[in-house]
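In what follows, a single structure is set out as structure tokens and then discussed.
The values are calculated or read from the model by the stated rules, or taken from the named source; none is laboratory data. On a predicted model such as this, the values are computed, not experimentally measured, just so you know. Heads up, the Cβs are rebuilt from the backbone with ideal geometry, glycines too, and the neighbour counts pull from every protein chain shown.
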């Protein structure tokens with residue numbers, strides 16, 4: 001294992017975050033804080049508790065998950081896309097670095113960025129809503145597995161994307177609707193039976209539900225099923241990337 005190569009890629013990506021601090025950290029934190037102000041404080045004070053949890057606290061795990069997923073996908077995709085765009089990817093591929101080491105460097109940096117932003121937003125939420133964490137260790141496990149999984153998904157998108165439009169399509173047009181329809185602002189128990197069934201085909205439901213369980217001990221889906229779904233998604237991403245590295249898809253051609 002070439003640790004120096006992994007460290008070089010990792011530190012370079014983290015330095016890129018420092019250079020774009022306003023876009024990388026400040027912007028998502030401010031955006032999520034506005035959600036807490038509008039939905040948590042203003043709207044939440046007029047709504048009944050959901051499953052015994054105040055509405056502001058109830059939506060907090062979903063909002064953290066929304067930002068975490070979006071940031072991990074964006075950081076994971078941009079990290080590998082820009083070397084492709086500038087042509088420096090060929091210098092990396094020609095260096096004595098294994099594909100797994102390249103993956104660990106880029107995905108590790110994207111995961112770190114996502115976790116940092118997620119924890120900052122978690123701390124920010126405490127200023128706006130009543131918050132408790134019943135299972136802090138499991139909360140961190142859910143966050144870490146989600147961050148790694150969607151950083152891998154972002155890496156795949158960065159390899160696949162031909163232009164900036166394709167690069168931004170998934171984090172801007174796919175993830176927010178899935179998250180909003182995945183129980184971020186409500187429990188699926190309030191939906192008619194047909195739409196409850198449809199909601200179970202939304203993978204983000206399992207992420208939000210399991211993450212919420214780690215906070216309040218309430219969820220729409222059993223937490224073990226949520227963990228299994230995250231593990232399945234992680235395995236699919238790793239399997240696809242294994243094929244990409246074997247074939248050189250969109251990397252060597």
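Based on what the data block shows, is residue 220 touching a helix residue (DSSP H, G or I) at 6+ places or on another chain (Cβ under 9 Å), part of a helix (DSSP H, G or I) and at pLDDT below 90? Here the answer is no, as residue 220 does not meet what is asked.
Residues in the range 195-216 that are in a helix (DSSP H, G or I) and closer than 10 Å to residue 182 by Cα: 8 in all. What do you reckon, is residue 158 buried (at least 23 other Cβ atoms within 10 Å of the Cβ) and over 15 Å from residue 50 (Cβ atoms)? Yes. Residues in the range 179-198 that are touching a helix residue (DSSP H, G or I) at 6+ places or on another chain (Cβ under 6 Å) and either crowded, with 19+ Cβ neighbours inside 10 Å or farther than 15 Å from residue 62 by Cβ (or both): 179, 182, 183, 184, 188, 196. Scanning the range 133-169 for residues that are in contact with a helix residue (DSSP H, G or I) (Cβ under 7 Å, 6 or more places away or on another chain) and assigned to a loop (DSSP other than H, G, I, E, B) turns up 133, 134, 135, 161. Taken together, the residues in the range 204-224 that are free of Cβ contacts under 8 Å to residues at least 60 places away in the same chain and either surrounded by 14 or more Cβ atoms within 10 Å (Cβ to Cβ) or in contact with a strand residue (DSSP E or B) (Cβ under 6 Å, 6 or more places away or on another chain) (or both) amount to 6.
Of the listed requirements (1) assigned to a helix (DSSP H, G or I); (2) within 21 Å of residue 32 (Cβ to Cβ), residue 186 misses just one: (1).
Here is a yes/no grid of residues against (1) modelled with pLDDT of 90 or more; (2) over 26 Å from residue 8 (Cα atoms); (3) over 13 Å from the mean Cα position of the chain (by Cα):
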{"position": "113", "(1), (2), (3)": "yes, no, no"}
{"position": "116", "(1), (2), (3)": "yes, no, no"}
{"position": "127", "(1), (2), (3)": "no, yes, yes"}
{"position": "137", "(1), (2), (3)": "yes, yes, yes"}
{"position": "144", "(1), (2), (3)": "yes, no, no"}
{"position": "147", "(1), (2), (3)": "yes, no, no"}
{"position": "151", "(1), (2), (3)": "yes, no, no"}
{"position": "155", "(1), (2), (3)": "yes, no, no"}
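Restricting to the range 48-99, name every residue that is at positive phi and in contact (Cβ under 8 Å) with a residue 24 or more places away in the chain. Answer for the range 48-99, where residues must be at positive phi and in contact (Cβ under 8 Å) with a residue 24 or more places away in the chain: 51, 52. The set of residues in the range 120-132 that are part of a helix (DSSP H, G or I) and free of Cβ contacts under 8 Å to residues at least 12 places away in the same chain contains only 123.
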